[in-house]
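Inspection log for the structure reproduced underneath, given as structure tokens.
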2 protein chains.
Amino acid sequence: MPETIKNISRAPFRRVVQDLSENKGANILRYGWGKPDVISLGQGEGCAPTPDFIADACAQAMRDGKTHYGPVLGQPALRKEISDYYKRIFDLDLPSNRIFITASGTTAMHLALTSILDAGDEAVAVTPIWKNLLGAVEVAEAHTVQVAIDYIEDENRWLLDLDRVFDACTEKTKAILIVTPSNPTGWYMCENHMKRLIDFTRERGIWIVSDEVYNRAVYGKPRAPSFLDVAEDDDLLLVINSFSKSWAMTGWRLGWLVGPAFAEDVIRDIALYDNMGPPTFTQFGGIQAVKEGEDFIQEQMDQWQSNIEMLMARLGKNPRVKIARPRSTFYAFFKVDGEEDCIAFTKKLIDEGGVSLTPGCAFGEECKGWIRLCFAVSPEKLSKAIDRIEKVIGA
Amino acid sequence: MPETIKNISRAPFRRVVQDLSENKGANILRYGWGKPDVISLGQGEGCAPTPDFIADACAQAMRDGKTHYGPVLGQPALRKEISDYYKRIFDLDLPSNRIFITASGTTAMHLALTSILDAGDEAVAVTPIWKNLLGAVEVAEAHTVQVAIDYIEDENRWLLDLDRVFDACTEKTKAILIVTPSNPTGWYMCENHMKRLIDFTRERGIWIVSDEVYNRAVYGKPRAPSFLDVAEDDDLLLVINSFSKSWAMTGWRLGWLVGPAFAEDVIRDIALYDNMGPPTFTQFGGIQAVKEGEDFIQEQMDQWQSNIEMLMARLGKNPRVKIARPRSTFYAFFKVDGEEDCIAFTKKLIDEGGVSLTPGCAFGEECKGWIRLCFAVSPEKLSKAIDRIEKVIGA
């Protein structure tokens, strides 16, 4: 406690933000940064910089003087371009007024939750889930009820028992939070389950907040099912998306939210007082990305697919390792026999192996013992990282 | 109410975000956008695009592959550069760990308030004040108690009675919100008042949240007094700043917060779940701005100073107009005799004059009848705008 405020009885910050639960993933990431010669596969991004055709469009927009304030919910041209993209790739008719450009996928999530969750409300979260979603619920002073996707050992795959999601909902439930395709398991929800879930929430007046930032990163298909496929225009559905993953634009902090048209004014008002919208010129990079990005997406998918083959040929055949073949995303989620404490184990991997991964317990209560590895890297880097893991766990 | 949720008893959104008070400034701005041939001096930004030396540094950073995730509180090089800038321009020693880079000045404000204000808390706001600060307090479900800076007719200047600020504070007061230099009056707080205020808040355990985005836009001095001049390192002080105004970077959405070192972890945690930090490559533009921006700042100030002379020679001599010479910022705040309803009057100026200004009532309860004009434009545009105002009010 600082000297000058020692005699003040109350805490300087809100109790809720002072007492946020530990961010175990971020802590291990930082632990790894402190060590020399550590290969980090701990963060959710690829090695590749943003492709030139996107960066060039952004630089040109700057030269064209697109450096002034813009509309809070984004450039009309980008909103229109994303509308066209949904028509072209998803065969969905989403008018521009349902597409809200945000200053990152995280911002999309934050605006969605800020519009819905009052203190004391409940949100049901399908886990393992991205820690930031859980953290944002905490900041909103709401409670998370976690329902885990199960690892089915016999079938070596992940499966969600939808009835457990229904059972977890109470009178206090305002939203169900789902990341599909799932970071970190690579599971994604099938259209039939989406239909059943949206029928359920429609009846109960519960929002679905669906984080679909990996919806182009699905193997053997051009895209994963989306809740937008099964929803009516005015369902209580907010879909989070981002340029970060499919277009290698993590450092751009550019995302979007798809919602019902009646949400437009509410999201605009919150964003106005929250951040006043994303930068102006970066959105012109975003336009180019969705317009011309298909070849790049395919190249990335080909590389990630071949990295999966390497992973399954090595970790997948390791007698100590449980790992389901990732059906989507660029994460492998695995468990090593005899290593039940994933915090201690990820530290050991850093200290003894020189490779930084993410502890599963960062993604929810029931994921203890699991480890996440991001394979959106060059085959050489991945191979070297697996060598290091094998040094610790055996081959 | 949408068809599918008609039978749901509860409101789809949080009551507080559905019932936000009207944003009168934004409404009039939109009203003006709808009309042909309207000169807008209604938004808080200049005509000039961002200078090339800043845009080039950003484009170079993109080419250098600075397109990946970065630290939530900003690039260490930018935090260090701003630390150096405070030493050079303000003669203040602020280590990097007290400087938090944010995805806009608005974001800095939002993070500051989110760290402090619980539902039901009170914030004392010195008005007229930027509407977004009032809006952000509303979203936080806290209450604003407004204390107005007075227009002293005899002396034709703005004056704050500090005792009224002290008197407005109660047991529930968590923060005092001040914009100094003041948008829209051009008033700024003197160092002596800052000392008295910080002594008061130190004793009471109240935060000062000081929006100092115009602190380089003061006439006849290189910079305005800052609360940082009079504060101890660990006082309950959060200072909001932004690249928008002094470096013509409104469309960049880049700002910063200066706080006590003990706030670093709290602000980082909130920002992590809120937006995960500003874009990576734009921050390299920010580095160049604070490093090499002094000539540009001086050029802008010279132009704004000469625009003030024009304003005072024309509006200042208009028998119907009350206007104090702006001591800072790029706003003229004035009142026209016989025009008491500033909403109706700003609409009339758009409809009959073709010039869009901002109604004073957007800045607080006691500012009815006043009008804000942004003069950060070319002399030609300003002259034409004054012609149009005179067409409506007479010369």
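The set of residues in the stretch A:252-276 being within 19 Å of residue B:69 (Cα to Cα) and either more than 7 Å from chain B (Cβ to nearest Cβ) or not in a loop (DSSP other than H, G, I, E, B) (or both) consists of A:252, A:254, A:255, A:256.
Has the stretch A:57-71 got any residue that is at pLDDT 95 or above, within 14 Å of chain B (Cβ to nearest Cβ) and under 30 Å from residue A:342 (Cα atoms)? No, the stretch A:57-71 has no match at all. The residues on offer are B:88, B:30, B:79, and the sole one that is crowded, with 16+ Cβ neighbours inside 10 Å and assigned to a helix (DSSP H, G or I) is B:79. For the stretch B:126-143, residues that are in contact with a strand residue (DSSP E or B) (Cβ under 6 Å, 6 or more places away or on another chain), crowded, with 20+ Cβ neighbours inside 10 Å and either outside any loop (DSSP other than H, G, I, E, B) or not small (Gly, Ala, Ser) (or both) total 7.
Just one of the listed residues (A:210, A:226) is assigned by TED's automatic domain parsing to the domain that holds residue A:129, small (Gly, Ala, Ser) and in contact with an Asp or Glu (Cβ under 6 Å, 6 or more places away or on another chain), namely A:226.
Residues that are buried (at least 23 other Cβ atoms within 10 Å of the Cβ) and of a type in the set (Gly, Ala, Ser) within the stretch A:326-356 comprise A:328, A:332, A:356, listed in sequence order. In this structure, residue A:32 does not satisfy being under 30 Å from residue A:288 (Cβ atoms), small (Gly, Ala, Ser) and in the same structural domain as residue A:343 (by TED's automatic domain parsing). The set of residues from the stretch B:199-225 being more than 20 Å from residue B:304 (Cβ to Cβ) and in a loop (DSSP other than H, G, I, E, B) comprises B:205, B:206. Is it the case that some residue within the stretch A:144-159 is touching a strand residue (DSSP E or B) at 6+ places or on another chain (Cβ under 8 Å), within 10 Å of chain B (Cβ to nearest Cβ) and at pLDDT below 95? No, the stretch A:144-159 contains no residue that is touching a strand residue (DSSP E or B) at 6+ places or on another chain (Cβ under 8 Å), within 10 Å of chain B (Cβ to nearest Cβ) and at pLDDT below 95.
Whether any residue in the stretch B:101-109 is part of a loop (DSSP other than H, G, I, E, B) and in the same structural domain as residue B:225 (by TED's automatic domain parsing) is what I want to check. Reasoning before the result, please.
Residues of the stretch B:101-109 that are part of a loop (DSSP other than H, G, I, E, B), as a first pass: B:103-104.
Subsequent filtering for residues that are in the same structural domain as residue B:225 (by TED's automatic domain parsing) retains B:103-104.
Checked the stretch B:101-109: at least one residue is part of a loop (DSSP other than H, G, I, E, B) and in the same structural domain as residue B:225 (by TED's automatic domain parsing).
Search the stretch A:74-99 for residues being among the hydrophobic types (A, V, I, L, M, F, W, C) and more than 14 Å from every other protein chain (Cβ to nearest Cβ), and hand back the single one that is nearest to residue B:272 (Cα to Cα). Of everything passing the filter in the stretch A:74-99, A:99 is nearest to residue B:272 (Cα to Cα).
Any chance the stretch A:53-61 includes a residue that's surrounded by 15 or more Cβ atoms within 10 Å (Cβ to Cβ), closer than 26 Å to residue A:311 by Cβ, outside the structural domain of residue A:142 (by TED's automatic domain parsing) and touching a residue at least 40 places away in the same chain (Cβ under 8 Å)?
Of the stretch A:53-61, the ones surrounded by 15 or more Cβ atoms within 10 Å (Cβ to Cβ) are A:53-61.
From what's left, closer than 26 Å to residue A:311 by Cβ: none.
Scanning the stretch A:53-61 turns up no residue that is surrounded by 15 or more Cβ atoms within 10 Å (Cβ to Cβ), closer than 26 Å to residue A:311 by Cβ, outside the structural domain of residue A:142 (by TED's automatic domain parsing) and touching a residue at least 40 places away in the same chain (Cβ under 8 Å).
In summary, residue A:33 fulfils each of the numbered conditions (1) among the hydrophobic types (A, V, I, L, M, F, W, C); (2) in contact with a helix residue (DSSP H, G or I) (Cβ under 9 Å, 6 or more places away or on another chain); (3) closer than 26 Å to residue A:304 by Cβ with the single exception of condition (2).
Working carefully through the options A:286, A:259, find the one that is surrounded by 24 or more Cβ atoms within 10 Å (Cβ to Cβ) and under 25 Å from residue A:47 (Cβ atoms). Before the answer, list the steps.
Working: A:259 fails: under 25 Å from residue A:47 (Cβ atoms).
From the options A:286, A:259, the qualifying one is A:286.
If the condition is being closer than 19 Å to residue A:331 by Cα and outside any strand (DSSP E or B), then the stretch A:156-179 contributes A:156, A:160. None of A:242, A:306 is among the polar types (S, T, N, Q) and under 27 Å from residue B:139 (Cα atoms) except A:242. Take the conditions (1) under 16 Å from residue A:110 (Cβ atoms); (2) in a helix (DSSP H, G or I); (3) more than 9 Å from every other protein chain (Cβ to nearest Cβ); residue A:297 misses just one of them, which is (1). Against the numbered list (1) assigned to a loop (DSSP other than H, G, I, E, B); (2) more than 14 Å from chain A (Cβ to nearest Cβ), residue B:235 comes up short only at (2). Listed by first and then second residue, the pairs linking a residue in the stretch B:157-171 that is charged (D, E, K, R) to a residue that is buried (at least 17 other Cβ atoms within 10 Å of the Cβ) and assigned to a loop (DSSP other than H, G, I, E, B), with Cβ atoms under 9 Å apart and 6 or more places separating them unless they lie on different chains, are B:157/B:187; B:157/B:324; B:157/B:327; B:161/B:149.
Please state which one of A:168, A:175 is assigned by TED's automatic domain parsing to the domain that holds residue A:114, small (Gly, Ala, Ser), within 26 Å of residue A:111 (Cβ to Cβ) and surrounded by fewer than 17 Cβ atoms within 10 Å (Cβ to Cβ).
A:168
Against the definition (at pLDDT 95 or above, within 21 Å of residue B:259 (Cβ to Cβ) and among the acidic types (Asp, Glu)), how does residue B:199 come out, yes or no? Yes, satisfied.
Only one entry of A:385, A:376 meets the criterion of being within 14 Å of residue A:41 (Cβ to Cβ) and part of a loop (DSSP other than H, G, I, E, B), and that entry is A:376. Look at (1) on the phi > 0 side of the Ramachandran plot; (2) under 17 Å from the mean Cα position of the chain (by Cα) and you find that residue A:205 fails only one, number (2).
Can you name the residue in the stretch B:40-56 that is out of contact with any Gly (no Cβ under 7 Å at 6 or more places or on another chain) and facing chain A (nearest Cβ under 7 Å) and, of all such residues, is nearest to residue B:75 (Cα to Cα)? Lay out the reasoning, then the answer.
Looking only at the stretch B:40-56, we keep the residues that are out of contact with any Gly (no Cβ under 7 Å at 6 or more places or on another chain), and these are B:41, B:43-48, B:50-53, B:56.
Those left that are additionally facing chain A (nearest Cβ under 7 Å): B:43, B:45, B:50.
On the way: B:43: 30, B:45: 26, B:50: 21 Å.
So, considering only residues that are out of contact with any Gly (no Cβ under 7 Å at 6 or more places or on another chain) and facing chain A (nearest Cβ under 7 Å), the one nearest to residue B:75 (Cα to Cα) is B:50.
Taking the condition of being outside any helix (DSSP H, G or I) and touching a Phe, Trp or Tyr at 6+ places or on another chain (Cβ under 8 Å), how many residues in the stretch A:357-368 meet it? Spell out how you get there, then give the answer.
At the first step, the residues of the stretch A:357-368 found to be outside any helix (DSSP H, G or I) are A:357-359, A:364, A:368.
Those still in the list that are touching a Phe, Trp or Tyr at 6+ places or on another chain (Cβ under 8 Å) too: A:359.
Counting residues in the stretch A:357-368 that are outside any helix (DSSP H, G or I) and touching a Phe, Trp or Tyr at 6+ places or on another chain (Cβ under 8 Å) gives 1.
I'm trying to understand the selection: among the residues of the stretch A:117-130, which are more than 9 Å from every other protein chain (Cβ to nearest Cβ) and within 19 Å of residue A:107 (Cα to Cα)? Within the stretch A:117-130, A:123, A:125, A:129, A:130 qualify.
Within the stretch A:314-327, residues that are under 18 Å from residue A:390 (Cα atoms) reach partners that are among the aliphatic types (A, V, I, L, M) and modelled with pLDDT under 95 with beta carbons closer than 7 Å, at six or more positions or on different chains, in the pairs A:318/A:395.
The values are calculated or read from the model by the stated rules, or taken from the named source; none is laboratory data. This structure is a prediction, so every number in the text was calculated from the model and none was measured. Glycine gets a Cβ as well: all are built from the backbone with ideal geometry, and neighbour counts include every protein chain shown.
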